[in-house]
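What follows is a short report on a single structure.
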Amino acid sequence: MVMGATNGIGRSGGVQSLDRAFALLEHLADGDLALSELAVRSGLPLPTIHRIVRTLVASGYVRQLPSRRYGLGPRLIGLGEAASRMLGSWAQPQLAALVDAVGETANMAMLDGDAVVYVAQAPSRHSMRMFTEVGRRVPVHCTGVGKALIAGLPEPDVRALLARTGMAAQTPHTITDPDALLRELERVRRQGHAVDDAEQELGVRCVAVAVPGVPSPTAVSVSGPESRVTWAAVEQITPVLHAAAVALGRELSGRVAR
């Protein structure tokens, strides 16, 4: 529930109506919803939701479907593309340096609702390399970046997320049991990095760490074929990846603060 003071100032010192509008947009990012479903998810009264959604529809940020459900509107596409380009340009030097250091593809991803979205990538120079389209959304339970990001969430939040998304098996190695994944996340917290061991795509191994000090949950990863990203290579990659994450955190937080 988005709460605010009676004077219209939100809990973070912002405008309450804006806090609520952005909260509703984030709920709609998970899929088309009816006003009643938005009320359940947000905890806001139906009249408030109707007023905000009507404004967002009029401005093109939300669209009303023939089914009388609501979804994200076309005006958000340009904003999303611009934000992705901006983040990508800020991150590119650090990701390129990471590729130079370890020789494999480097990625940056962010938690977006119940999924992970890739926002930047620097490809390996090997002829056989991993490629993930910027803007692609992937599940959290079977990806290194996903596990690195949700390892910082409280257990009830992780269980609720998994209940909403399910844990579909992408490969025979995918973890599909919530208790097993929670044990894996405990290991991630202890060792400071997450590994996708052919859990999303057979033959591919990925190591990921969370980026510290940034306003939105962000992770950086290195991925490549198992033949090159061996377990011995993971031990060598991990400290370099941590250093890159710290540098990237400083870069992104500094940019946001300007």
How many nm is it between the label spots at residue 77 and residue 155, if each spot is 7 Å from the Cα in line with the beta carbon? 4.4
So, with a 1.4 angstrom probe, what is the percent of accessible area on region 124-227 that is carbon and sulfur? 50
Quick one: accessible area per residue over region 97-188, 1.4 Å probe, rounded to a whole number of Å²? 46
Working out 0.36 nm times the residue gap between residue 89 and residue 34, then minus their Cα-Cα distance, what length gain in nm do you get to one decimal? 16.1 nm
For Cα Rg over 2.2 N^0.38 Å the list reads (1) 1.08; (2) 0.95; (3) 1.20; the calculated value is entry (1)
Exactly which chymotrypsin sites (Phe, Trp or Tyr not before Pro) in region 87-175 are in a DSSP loop and have at most 15 other Cβ atoms within 10 Å? 131
Whole-Hz Karplus couplings 3J(HN,Hα) for region 71-78, θ = phi - 60° and coefficients 6.51, -1.76, 1.60, Gly and Pro as x, run x, 5, x, x, 5, 6, 4, x
Compute the Cα gyration tensor for region 123-258, then decide on rounded, prolate or oblate, letting a ≥ b ≥ c be the square roots of its eigenvalues: rounded whenever a/c is under 1.5, prolate when a/b is larger than b/c in the other cases, and oblate in all that remain. oblate
Which value, in Å², gives the accessible area per residue of region 209-256 when a 1.4 Å probe is used on the protein heavy atoms? 44
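The values are calculated or read from the model by the stated rules, or taken from the named source; none is laboratory data. Since the model is a prediction, treat every value here as computed from it, not as a measurement. Here Cβ is always computed from backbone atoms with ideal geometry, including for glycine, and neighbour counts include all displayed protein chains. Quick note on the areas: whole protein, heavy atoms, side chains included, nothing else; ligands and nucleic acids left out. Shrake-Rupley method; radii C 1.70, N 1.55, O 1.52, S 1.80 Å.
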